[in-house]
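The values are calculated or read from the model by the stated rules, or taken from the named source; none is laboratory data. Small disclaimer: the values here were computed from a predicted structure and weren't measured. Please note: Cβ atoms are built from the backbone with ideal geometry, for glycine as well, and neighbour counts cover all protein chains shown. When the accessible area is computed, the model is the full protein with side chains, heavy atoms only, and any ligands, DNA or RNA have been set aside. Shrake-Rupley method; radii C 1.70, N 1.55, O 1.52, S 1.80 Å.
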Amino acid sequence: MAMNTIPMAPANEFYEIRAIPSKGYGCFALKQLLRGTRILADSPLLSVSVGDYMLSDIEAAFAALTTDEQSLYFTLHSGHGQDAKLWPSRIHETVEPQERRRIQEQHDARTGDTATLISIFQTNCMEKDRGAGVFPHAARFNHCCNPNACFSWNAKIEKETIHVMNDVAAGEEIVLSYCDMIHDKPLRTWELKHYGFVCDCRACVEDEDDETTYAHLSAVRRFRLNELERETRLLRGARLEEGASQEDFVTKLVQMAALHQMEGDFTARLPALFLDIALVCEFKGDFKMAEVAAARAVHAKKDCQGADFPDYDKYANVLHRIKDKLHVVQKNKA
Ligand SMILES: [Zn+2]
């Protein structure tokens, strides 16, 4: 039921939508765009308040839209028409009836032969508060496993924002990652299967076993990031001070920050790492190092989500506090 109209970007100076032979449409830079540029702040067209939504949730939200909004919804891409043989056909008997119905609804939408409310939702939805939403303009960006832009739901301004995270040349396609950037190829392939496509980016197409390829370098970095993530995960957040007492904890966080940057991952994970490095250094009394890390945290946070992001102030406050402490130390020395 998709209409034969060419999708339009909102009036903006950053990008336009162009047809890509055999791939539908994509978003292309109108000029050079530097890291940190917010190219879109998009309002939700349709949203549901729970993550494990049912068809009935989407139907209710859809019924509340205007006729124009309903038409716009059906211009969005749908990942239906998939081969049922490529998906598990049986639901385990221990699964609760409601969850069983949910799985069946999603399965039917993916393998059905027409675009439906749910197939479009599945293909385009992004996390929003505790649920998910469809953003008509953000939904037009294609996927790449090493993207040059990133997206976030900003609850303060109630918009989905897209920020450039790796400089984009004029005319280059602007792409997002629909999956977790540190996931390995089999996991990414499985995640992307839900959207109904096979990724043809360098990290997916090149031979990972060939040490001369980008795919190899990327796979090695993702593997190491997963290891470090597992080793540090439990000691971050509330148990950070406990982590600070471990000799190589900061080293591991610094390694992770370096690997994310090498991988081109300047998403919100990076400022979170810098912030933890700052807090550990502060805890240890190394205010100089703490200040460097906190400044980088604030900078990276602004780049990927903006200074209007809900927890941006937390970052800015840590930097201020550390600056004050450093100032006191330096004054006492003088
Ligand atoms: Zn890929």
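Ala307: part of a loop (DSSP other than H, G, I, E, B), under 30 Å from Val168 (Cβ atoms) and of a type in the set (Gly, Ala, Ser), yes or no? For Ala307, the condition - part of a loop (DSSP other than H, G, I, E, B), under 30 Å from Val168 (Cβ atoms) and of a type in the set (Gly, Ala, Ser) - is met. Within the range 240-254, the set of residues being in a helix (DSSP H, G or I), open to solvent by 20 Å² or more (accessible area, probe 1.4 Å) and more than 28 Å from Cys179 (Cα to Cα) comprises Glu241, Glu242. When the range 185-212 is filtered for residues that are over 15 Å from Thr123 (Cβ atoms) and within 11 Å of the ligand (Cβ to nearest atom), the ones remaining, listed by number, are Lys185, Arg188, Thr189, Asp200, Cys201, Arg202, Ala203, Cys204, Val205, Glu206.
Of the candidates Gly264, Gly237, Gly285, the single residue that is open to solvent by 30 Å² or more (accessible area, probe 1.4 Å) and closer than 28 Å to Trp153 by Cα is Gly237.
Taken as a whole, the structure leaves Tyr214 outside the set of residues that are at pLDDT below 95 and of a type outside the set (D, E, K, R).
The residues on offer are Val168, Val175, and the sole one that is within 13 Å of the ligand (Cβ to nearest atom) and of a type in the set (A, V, I, L, M, F, W, C) is Val175. Counting only helices (runs of 4 or more DSSP H) that fall entirely inside the range 108-213 and contain at least 1 residues that are open to solvent by 50 Å² or more (accessible area, probe 1.4 Å), the qualifying elements are 185-193, 202-205.
Which members of the range 57-95 meet the condition of being among the charged types (D, E, K, R) and modelled with pLDDT of 90 or more? Break it down stepwise before answering.
Quick first cut of the range 57-95, residues among the charged types (D, E, K, R) only: 57, 59, 68-69, 83, 85, 90, 93.
Asp57, Glu59, Asp68, Glu69, listed by residue number.
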